[in-house]
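Just so it is clear, none of the values below were taken in a lab; they were calculated from the coordinates. All values derive from a computational prediction rather than experimental measurement. Ideal geometry is used to build each Cβ from the backbone, glycine not excepted, and the neighbour counts take in all protein chains shown.
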Amino acid sequence: MIMPQKKPTTAKKTVKSKTKKTSTTKKATTKKTTVKKPTPKKPKVLSMAKMAELYPEAYKLNKAIGKAVKHFKAAETLTVSQWADKKRRLSPETSAEPGLWRTSRTPYLKEPMDCFTDPKVHKIVMVAASQVGKSEFELNAIGYIIDQDPGTILYIHPSLDEARKFSRQRLNPMIRDCKALKSKVSEIKAKDSANTILQKSFPGGSITLIGSNTPRALASMPARYIIGDEHDRWAKSAGAEGDPWELAERRQTTFYNRKAIDISTPTIRGASSIEISFYQGTQERWCHECPECGEYSEIDFDHIKFEHTIEKIGGRKVYTINGPINWMCPKCGCLTAEEKMRQQPAKWIAANPNAYESGVRSFWLNAFSSPWTPWTKICLSFLEAKDDALRLKVVWNTLLGKLWEERGELADEDTMLARREDYGKNEDGTPTELPDGVLVLTMGVDTQDNRLEYEVVGHGKYGETWGIKRGFIMGRPDAEGTWQRLDDIVDHVYHFKNGRGLKISITMIDSGGHFTQEVYEQARRRQIKRCFAIKGKGGEGIPYTSPPSKIQLKDKYGNNRKNAFCWLYTLGVDSGKQIIMSNLKVEEAGAKYCHFPTSEEAGYNQDFFNGLLSEHLILTNTKRGNQWAWEKLPGHQRNEPLDCRNYAIAGLRIINPDMDALEARLLSLNNQKSSTTPAPKPQTAAQQPTRRRGAQRRRTQHDDW
Ligand SMILES: [Zn+2]
């Protein structure tokens, strides 16, 4: 507000009344002190009515510009954490603990937040597990900017959809619930172009939310502040324009007081952008004091000690953690329980403090310090995911806050060929088909225009597999003869050295390609032999196996055939590929190890391994931001062996047999006379988790699936 030149009388009044006000609380003595120590001259405030009367010109001017400048006042020199403690309210729909923000609840966020107001720091990097409050960190910074140090903010999410979601679910509620912000950012109105879901203005600045894959938005406006969310999932390149982070940083060059916040959950070592950012900074880790030796160390999963038991309930493994979960101090080896560790003093310790001089502070945080993640939850999540590479990667990244490391590079074809082993010889000198350890057989069939390719896979305990037979059936999938020859494989009894036999429990046949209806029909006819049609679906996040759907068969004119149905399984093939690749890296026989036979009849030759090792996982730029996808390696044009194995492994998941029970049965049968072990049956309908009611009602005796 514009202050007109003083009028002595009114001025005195203001000061006096002020003194009076304070003295009411501080009693009579205060009055004396105020008199003795003359308060510095304060600006005098006139009532609007008085001003209108005395200074009509100034009054008019004030009235005209008052609204526009009402938010311009000197910053209160708060840090971000002080600002948040004073003004931030957590919204009920997004927080388990709505109400006033308390930095003391997540003490590890204080330092990263407060270096935002350190003039020497221009970039803050945070690699963090989920559930540690990293979004709150970003929101507090945004709130601080709007309220204390306004400027243009470019807020980059992996995709535009995520930006919209964040704005609706997190940003809008924060603005609504913080008085200091609500008065500055006006509500979204249909016709208000200043405030939309993706763009909001406030006095002195604005915030624009964009996706990393929108180059135009990245290159269009100067920005003093950049906030990058989930950097590891960003597009590798924003269209043809180049690296999104670099594009964004170019928007900042004109600002001497620029700030950037780069936050992400880590992904895969060597392909992680946030990993690179982290190593450019101070590399600080949140360390706790050991109650025994007083040394500070990070609480990481490698030093978490606990005992657990496994129980089988309803065919599923249920893990229980027995006794306390302890942390072992890497310096002195003493064990300390979670409860005690949570009360221990903690601080950030930098491995590369010199980076402060170049203005980059970087922090790495796992979920062990999060007040919302008990250690039991982390350990149980780990146990439940440890047998599944894809799930384990998620736990690794989001809870343990670690970069996922593929265990060394995949061996090449020659190494795999050399790794093959002799399954032994029968009494008559022929090669043994089934080595000891195999408990179940499954088969995967890939359909090509001129042939079927198949692999029979033996499964043992703990994911150990044995290649049993791999081959081709030449012939078109619309020729009956082709399928009769497949029957020879399906009906074959495979023998152990002791003469005992095993049949294939389930056969999964690919229905993709040009012969979908033929595959449906052939699978339908072989339902009794447990042959099922499958459809492979690529892409992240699709479950490896899910309950089948019932498919109506059609005739050659495309009309529905009466009473002709088959079951179709949709497989998340990317999950399967990840399991296969991670198992192929296991180098010692035992859990997850893949055995292959040397015998020529079995068909595991150079060609097979070339196809099995035909794909690798790469980060690709899609419309929805960065995604991991499988891509063919150069020189590996045929990937059918990989597909066949993928379907065969999915088959095991679908029948989900109790391996312990099978092993016991096989051992007891070895002492009896019968020659063929009954193949384990697939899950019964009752065990199928989600079957549509209608489908169940229509079920006949034969289409039990
Ligand atoms: Zn210690």
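Tell me whether the stretch 375-490 comes out rounded, prolate or oblate; compute the Cα gyration tensor, take square roots of the eigenvalues as a ≥ b ≥ c, and use a/c under 1.5 as the rounded threshold.
In terms of gyration-tensor shape, prolate.
Sequence neighbours fewer than 8 away in the same chain don't count; with that in mind, list the aspartates and glutamates whose C-alpha is under 15 Å from K134.
E111, D114, D229, E230, D232, D262
Using the per-residue mean of other Cβ atoms lying within 10 Å as a proxy for protection, in what order, highest first, do the peptides 517-524, 349-356, 498-505, 440-447 fall? Spell out each step's value before the answer.
Values: 517-524: 22.1, 349-356: 14.5, 498-505: 17.5, 440-447: 26.2.
Packing order, densest peptide first, comes out as 440-447, 517-524, 498-505, 349-356.
List the relative contact order of the stretch 432-555 as a percent without decimals, with contacts defined as Cα pairs under 8 Å and 6+ residues apart. Intermediate results must be reported in sequence, preceding the final value.
Numbers: 215 pairs, mean separation 28.6, N = 124.
Over the stretch 432-555, the number comes to 23 percent.
Order the peptides 103-113, 479-489, 313-323 from the highest to the lowest mean number of other Cβ atoms within 10 Å of their residues. Please list the in-between numbers first.
Details: 103-113: 19.2, 479-489: 14.7, 313-323: 10.7.
The packing order, highest mean first, is 103-113, 479-489, 313-323.
Tally Lys and Arg at +1 and Asp and Glu at -1 over the other residues with C-beta under 13 Å from the C-beta of S297: what net charge comes out? List each step's numbers first, then the result.
Values: positive: R285, K331, K347; negative: E289, E292, E295, E298, D300, D302.
In short, -3.
What's the center-to-center distance, using Cα atoms, between the stretch 410-456 and the stretch 563-597 in Å?
Here the two parts' Cα centres lie 14 Å apart.
Using the per-residue mean of other Cβ atoms lying within 10 Å as a proxy for protection, in what order, highest first, do the peptides 526-533, 659-666, 471-478, 226-233 fall? Present the calculation step by step, with values, prior to reporting the outcome.
Working: 526-533: 20.1, 659-666: 14.5, 471-478: 16.4, 226-233: 23.8.
Result, highest mean first: 226-233, 526-533, 471-478, 659-666.
List the residues, sorted by chain then number, that are 5 or more residues from V440 or on another chain and whose placed amide H is less than 5 Å from its amide H.
Under 5 Å from the amide H of V440 lie the amide H atoms of H459, each far enough along the sequence or on another chain.
Strictly over 22 Å apart at the Cα level, which of K305/K331; K236/K592; K529/K592; K110/K182; K469/K592 would you flag in this model? Spell out each step's value before the answer.
Numbers: K305/K331 15 Å; K236/K592 33 Å; K529/K592 28 Å; K110/K182 24 Å; K469/K592 19 Å.
In this structure, K236/K592; K529/K592; K110/K182 lie more than 22 Å apart at Cα.
What does the net charge come to around T570 if you take all other residues with beta carbon closer than 14 Å to its beta carbon, with K and R at +1 and D and E at -1? Display every interim value, and only then the final one.
On the way: positive: K535, K537, K550, R653; negative: D510, D574.
Summing Lys and Arg as +1 and Asp and Glu as -1 gives +2.
Cα centroid distance between the stretch 489-521 and the stretch 85-116, in Å?
58 Å
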